[in-house]
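Worksheet for the structure shown next.
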Amino acid sequence: MSNPDLRPTHVLELLATLQKTAAAFAAREEALSRDFAARRHTVNRQQRDGLDKAEARLTSLIEESNALCQTGRQHLTALYEGRRMRINRVGTAALRKLPMHARQARERWMGDLQLKQFQSEKKAGGRQKGGGQDSRCLHRPARRRAGGDEEDATEGAPGFRRVF
């Protein structure tokens, strides 16, 4: 190793150079800190702006989908209500017409029975003289029904009168 020069003037020069270097380093460090702060601020602002845009876009998409869902829900509700009303109307009409349909079914059944009896009598050779049914019996008015009205039994099988 060589001997360092420790003269006071030289030491003072070295100290002044060290101070200048330290001041330059501090100035560069300060400039870098400001530059990093400005960049960080810019990046943070861009991130906030991007986040705000994304949130706004997401909010608009949510509102649009909610509106679409609400429109669909209203359409389905209206459709359901219309169907429910039609079903109720048909159900009440069917309940109102139920006695009439039962009466018609009973008359068809009676007419079929009368037709079968008539056809069986026709096959057997018709009525026997003196011992058969009276012809007036075929033209008797129908018995009183549950509704209380007297009708001809010809509704079930047109052209045939009630036999019993």
Residues LYS20 and THR42, FRET efficiency given R0 of 25 Å [Cβ-Cβ distance, rounded to 0.05]: 0.15
Karplus 3J(HN,Hα) series, Hz, for the stretch 114-124 with 6.51 cos²θ - 1.76 cosθ + 1.60 (x for Gly, Pro): 5, 5, 4, 5, 4, 5, 5, 5, 5, 5, 6
ARG7 versus GLU121: modelled label distance in nm, points set 7 Å from Cα along the beta carbon direction: 16.3 nm
Whole-Hz couplings from phi, Karplus 6.51/-1.76/1.60, listed for the stretch 90-101; x for Gly and Pro: 5, x, 5, 5, 5, 5, 5, 8, 4, x, 5, 5
Note, ³J(HN,Hα) from phi for the stretch 43-52, Karplus 6.51, -1.76, 1.60, rounded to Hz, x at Gly and Pro: 5, 4, 5, 4, 5, 4, 5, x, 5, 4
PHE118 accessible area, 1.4 Å probe, all protein chains in place, Å² to nearest 10: 90 Å²
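The values are calculated or read from the model by the stated rules, or taken from the named source; none is laboratory data. These numbers were taken from a predicted model, which means no experiment stands behind them. Cβ atoms come from the backbone with ideal geometry, glycine included; neighbour counts cover every protein chain shown. Accessible surface is based on the protein model in full, side chains and every heavy atom, while ligands, DNA and RNA are left aside. Shrake-Rupley method; radii C 1.70, N 1.55, O 1.52, S 1.80 Å.
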